[in-house]
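Have a look at the structure below before the remarks.
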Amino acid sequence: MTAVATHSGAGAAADPAAAAPMPRGRRSTELLMLVFAVGVVLAAYASAGLGLNGKLPAGLVEYGAAFAVLVFVAHIAVRRLAPWADPLMLPLAALLNGLGIVMIYRLQEAGRGGNPGNVITTMNTSTTLYQVVYSAAGIAAFIAVLVVIKEPRILQRYTYTLGALGLVLLAIPAVLPDSLSVVNGAKVWIRIGGFSIQPGEFAKLALAIFFAGYLVAKRDVLALAGRRVLGIDLPRARDLGPVLIAWGASLLILIFETDIGTSALFFGLFVAMIYIATQRTSWLLIGVGLFAAGTYAASKLSSHVGARFTAWLHPLTHANVFCTAAQVHCVSSYQLAQGLYGMGFGGILGTGLGHGQPYVTPLAQSDFIITAFGEELGLTGLMAILLIFGLLVQRGLRAAIGVRDPFSKLLAGGLAFVLALQVFVIVGGVTGLIPLTGVTTPFMSQGGSSLLASWAMIGLLMRISDTARRPAPQSIQDEGMTQIVRAR
């Protein structure tokens, strides 16, 4: 006998045939955090204007409205294109981007208001506007990634194409004349007329995809153990080829482009991803050992790299030395010393936005923007910024853990790591922890290349997060709230 029972109301039993409730995409949480991020940026912008001139900055409404429109357009794009993506990545990236605009405005106004100082020659009254335009281009790149890449594993089809593209982007500055590629001793730029681009920023994305595709295909071979030494399973000698090739390529970058930062990012990314793919500690030890040996050799063979090491080891000894382009073996640590002095002057709580002298440090708007924040926001503000970067990296790693596709998992882990490594390299360099390099601070430094690449990276991570958090399709069999109960 079969009975048909209908039910409704709060006390009715759960229908086993009905679809399970769908999890929330948390886009409302993202919107709320974006409102908070925009509020913090506007407060910082107003504080900088008050500190400089004793009044609210003239462009507060215009710049604030432009920034708010940009981030909310990005939010709408995420809501439509990646509704299940992590709700914190976009607000965290937007907050860093906005704070970078605020500091660039503050440095732009040095010497033009009530707080006299040195006008930075590479900045003018339109620099802040340009940075907002670069931010718009970055968010456009972010949206483009979400539109074009529907599933991250599709990128695996272009593994070797993107690998070749990444190597070409790294090699172009090395083969160009110095007049078109050299900035502050490093051949990392392409400059034609008034246009300039740093191709290494985009190369790291292409190479991350290449490493992910290559290591997914080869990880079983690379994970095989050879001899066991001191409790560590070393890889077989025949499997050392990939890491030796990557090491050789990083040394070529170091020697021909005299750029420690790009070399460290390139090789560090490969070693980190091979460790993620194989779970072999031996690869980390081999990678660190090879890079340390190569860097030491380069410091002896390249006068530019050697000068960086000397300035790092003796930052105050050479603080008053000024080098010209003709002085090949000259060692100057003026820039590093001024950055250290500024952060020391800021102390725990800082001088306040607009009240310090960060403009004294050369390149305070780009390579040394961290020292500008350290001086005017103090150790407390600098640690808060590093915490924001840490949260962004953590959300990327969480996406890597959550996604099931091996390629996407490895790619997300590599992108999160390269973001963490880039922040470590630049912050460690300006604080004297490691030799100074020329990499930018993601989202914050002046310029368009870094912003475009950083926003594209967030787009990839959010696409992977959307894939990881997206619920499985469910068939709904709940028509008319009818339950079929069979009884004998």
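The values are calculated or read from the model by the stated rules, or taken from the named source; none is laboratory data. Keep in mind the model is a prediction, meaning the values are calculated, not measured. Positions of Cβ are generated from backbone atoms using ideal geometry, with glycine treated the same way; all protein chains shown enter the neighbour counts.
Each row is one residue, and each column tells you yes or no for (1) among the β-branched types (Val, Ile, Thr); (2) buried (at least 22 other Cβ atoms within 10 Å of the Cβ).
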| site | (1), (2) |
| --- | --- |
| 377 | no, yes |
| 388 | yes, no |
| 397 | no, no |
| 408 | no, yes |
Problem - Subset of the stretch 352-379 (residues that are modelled with pLDDT of 95 or more and among the hydroxyl-bearing types (Ser, Thr, Tyr)) - result: 371
Exercise for the section: State whether the residues of the stretch 171-186 include one that is surrounded by 22 or more Cβ atoms within 10 Å (Cβ to Cβ) and charged (D, E, K, R). Expected result: no
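Would you be able to say whether some residue in the stretch 238-249 is surrounded by 14 or more Cβ atoms within 10 Å (Cβ to Cβ), touching an Asp or Glu at 6+ places or on another chain (Cβ under 7 Å), at pLDDT 85 or above and not small (Gly, Ala, Ser)? Give the steps one after another, and end with the answer.
Start the filter on the stretch 238-249 by keeping residues that are surrounded by 14 or more Cβ atoms within 10 Å (Cβ to Cβ), which leaves 239-240, 242-243, 246-247, 249.
Imposing the further condition that a residue be touching an Asp or Glu at 6+ places or on another chain (Cβ under 7 Å) reduces the set to none.
Checked against the condition, which is being surrounded by 14 or more Cβ atoms within 10 Å (Cβ to Cβ), touching an Asp or Glu at 6+ places or on another chain (Cβ under 7 Å), at pLDDT 85 or above and not small (Gly, Ala, Ser), the stretch 238-249 yields no hits at all.
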Exercise for the section: Quick one: count up the residues across the stretch 296-323 that are in contact with a Leu (Cβ under 7 Å, 6 or more places away or on another chain) and not aromatic (Phe, Trp, Tyr). Expected result: 5
Problem - Extreme residue, modelled with the highest pLDDT, among residues of the stretch 68-111 that are closer than 25 Å to residue 375 by Cα and outside any helix (DSSP H, G or I) - result: 109
Handout entry: For residue 420: the one exception among (1) assigned to a helix (DSSP H, G or I); (2) more than 14 Å from the chain's Cα centre (by Cα); (3) modelled with pLDDT of 95 or more
Key = (2)
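In the list 406, 435, 358, which residue meets the criterion of being in contact (Cβ under 8 Å) with a residue 12 or more places away in the chain and closer than 30 Å to residue 109 by Cα? Don't jump to the end; show me each part of the working.
Values: 406 fails: closer than 30 Å to residue 109 by Cα; 435 fails: closer than 30 Å to residue 109 by Cα.
Result: 358 is the single residue among 406, 435, 358 that is in contact (Cβ under 8 Å) with a residue 12 or more places away in the chain and closer than 30 Å to residue 109 by Cα.
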Fill in the blank from the handout: When residue 219 is run through (1) at pLDDT 90 or above; (2) more than 20 Å from the chain's Cα centre (by Cα); (3) basic (Lys, Arg), the failure sits at (1)
Problem - Filter result (surrounded by fewer than 24 Cβ atoms within 10 Å (Cβ to Cβ) and assigned to a loop (DSSP other than H, G, I, E, B)) within the stretch 259-287 - result: 279, 280
Exercise for the section: Pairs only if they're at least six apart or on different chains, beta carbon under 6 angstrom, first in the stretch 231-260 and more than 29 Å from residue 181 (Cβ to Cβ), second among the basic types (Lys, Arg); list them, first residue then second. Expected result: 234/227
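Identify the residue in the stretch 26-65 that is touching a residue at least 60 places away in the same chain (Cβ under 8 Å) and more than 24 Å from residue 384 (Cβ to Cβ) and, among all such residues, is surrounded by the most Cβ atoms within 10 Å (Cβ to Cβ). Before the answer, list the steps.
First pass over the stretch 26-65, keeping only residues touching a residue at least 60 places away in the same chain (Cβ under 8 Å): 26-27, 30, 34, 37-38, 41, 44-45, 47-54, 59, 63.
Among the residues that remain, those that are also more than 24 Å from residue 384 (Cβ to Cβ) are: 27, 53-54, 59.
On the way: 27: 19, 53: 16, 54: 11, 59: 16.
The selected residue is 27.
Being assigned to a helix (DSSP H, G or I) and modelled with pLDDT of 95 or more narrows it down to one residue among 38, 61; which is it? Let's see the steps before the verdict.
Working: 61 fails: modelled with pLDDT of 95 or more.
Only one candidate passes the filter, namely 38.
Mind listing just one residue for me: the one in the stretch 187-201 that is touching a Phe, Trp or Tyr at 6+ places or on another chain (Cβ under 9 Å) and in a strand (DSSP E or B) and, of those, surrounded by the most Cβ atoms within 10 Å (Cβ to Cβ)? Even if it seems obvious, please write down each step before you answer.
Restricting attention to the stretch 187-201, the residues satisfying the condition of being touching a Phe, Trp or Tyr at 6+ places or on another chain (Cβ under 9 Å) are 187, 196-200.
From what's left, in a strand (DSSP E or B): 187, 196-197.
Values: 187: 23, 196: 15, 197: 18.
So the residue we want is 187.
To keep it simple, each residue is scored yes or no on (1) outside any helix (DSSP H, G or I); (2) over 27 Å from residue 339 (Cβ atoms); (3) in contact (Cβ under 8 Å) with a residue 40 or more places away in the chain; (4) acidic (Asp, Glu).
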position	(1), (2), (3), (4)
370	no, no, yes, no
382	no, no, no, no
386	no, no, yes, no
399	no, yes, yes, no
410	no, yes, yes, no
446	yes, no, yes, no
Handout entry: Condition broken by residue 274, with the remaining ones in (1) at pLDDT 80 or above; (2) of a type in the set (A, V, I, L, M); (3) more than 21 Å from residue 212 (Cα to Cα) satisfied
Key = (3)
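Look at the stretch 72-86 and say how many of its residues are in contact (Cβ under 8 Å) with a residue 12 or more places away in the chain, of a type outside the set (Phe, Trp, Tyr) and surrounded by fewer than 23 Cβ atoms within 10 Å (Cβ to Cβ).
So the first thing to find is which residues in the stretch 72-86 are in contact (Cβ under 8 Å) with a residue 12 or more places away in the chain, and the list is 72-75, 77-79, 81-86.
So of that shortlist, the ones also of a type outside the set (Phe, Trp, Tyr) come out as 73-75, 77-79, 81-83, 85-86.
Subsequent filtering for residues that are surrounded by fewer than 23 Cβ atoms within 10 Å (Cβ to Cβ) retains 73, 75, 77, 79, 81, 83.
Residues meeting the conditions: 6.
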Problem - Which listed residue, of 213, 166, is surrounded by 19 or more Cβ atoms within 10 Å (Cβ to Cβ), closer than 14 Å to residue 453 by Cβ and touching a residue at least 40 places away in the same chain (Cβ under 8 Å) - result: 166
